[in-house]
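Scroll down for the structure; my scribbles are underneath it.
Readers should treat all values here as calculations from the given coordinates under stated rules, not as data from a laboratory. Here the structure is a predicted model, which means the values were calculated and not measured. Neighbour counts run over all protein chains shown; Cβ positions are idealised from the backbone, glycine included.
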Amino acid sequence: MRTHYDNLHVSEKASPEVIKGAYKALAQKWHPDKHPDQREKAERYFKIITRAFEVLSDPKARAEYDAWLADRRNAAEPPPDVEPASEPPKQKHSQSNMAEAWEDGKRSREQGFKETDCPYSQSELSRAWREGFSAAGPTQDSNPHPWRRFFARFIDTPLVLLSTLLLIFLFAVGLEALIGRDFSSQIHGSIAVFLLFAVTTMIAYETFFIESFSATPGKMILGVMVESSSGERLSSGKAIQRACYANLVGQGLHIPMLALGANIVGFVFLRKTGSTYWDDRADSVVHCKQLTTLRALSSILAVVIAAVLYAMIMEAIGRKFH
């Protein structure tokens, strides 16, 4: 008789820590995304492993399962490598089963699984699992890493400013070619035009990189990732929504004094709640990878280069609008 212990490759006396570690290792090994050529097999193994962990990680469920195993020992047969474990019979779609599926969904989200990892095939149990998954809410790092997020944006700023100046130049040239009049002095000398292009460029910049790579170049360097609450990349709509709120609310339209106040309020809010207004609005979460020595050194170098570029660009802009 195949047991949940067999499927997790642990002994029946294994501690909760050992069970959790074994589950993590097997879940990573058999995640369907890692087996595109054997996806059906991987999905089957993954569901079996997940079900085993759901039972053995719950003290009450494990005790009931152990008691049931003790009565069925004589029926055990040599098992294959992995197959569904025998369990006590349960009433189909009973109230307790629905509640258990809901709890399974909630626990799965807390453990970092995606909504597509639902282990139930029956529609009612699947719905209960997904409702529990949704009820768990977005998972966010316990440490919001506000300074890493700040410096990631700081690294992106010179790139955006350079892109803004280039776009303004191209806009002036294109307008002159279209209308036949030279508006260069009015366009290049207008702070309003510069701010409009800067905000628009930053929103487009963040939307493209977050939607495509879950991180801007600055965030990639510092190991900051932005994903949906289900662990997927943000959709185009959510990426645009997040970028708009981040720049309009979080950066105060990049107007100097307004931006300073917005940054202070955003910093306090992030430290207090672990999230930001724009992440809450877009249903996104931010994860920070481990800050290794290589990443720390790369980050310091990138910040220094960004600071030099930023000073040069701001000096040029200052002369232009003086």
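Between the alpha-carbon centres of segment 26-54 and segment 250-294 there is a gap of 36 Å. Net charge within 14 Å of ALA307 by Cβ-Cβ distance, Lys/Arg positive one each and Asp/Glu negative one each, not counting ALA307 itself? Net charge around ALA307: -1.
Size of segment 146-320 from its Cα atoms: along the principal axes, largest to smallest, the extents are 53, 34, 29 Å. The Cβ shell under 15 Å around PHE209 holds other residues with a net charge of +2, Lys and Arg each +1, Asp and Glu each -1. Once the Cβ-Cβ distance of LEU301 and ARG39 is raised to the sixth power relative to R0 = 45 Å, the FRET efficiency obtained is 0.65.
The modelled label-to-label distance between LEU294 and MET314, using points 7 Å beyond Cα along the C-beta direction, is 3.3 nm.
Near VAL224, once Lys and Arg are set to +1 and Asp and Glu to -1 for all other residues with Cβ below 9 Å from its Cβ, the sum equals +4. Under 27 Å of direct C-alpha separation, and excluding same-chain neighbours fewer than eight residues apart, LYS60 reaches these lysines: LYS13, LYS20, LYS24, LYS47, LYS90, LYS92, LYS106, LYS114. Report the paramagnetic label zone for ALA99: residues of segment 23-66 whose backbone N is under 19 Å from a point 7 Å from Cα along the Cα-to-Cβ axis. 54-65, by backbone N distance to the label point.
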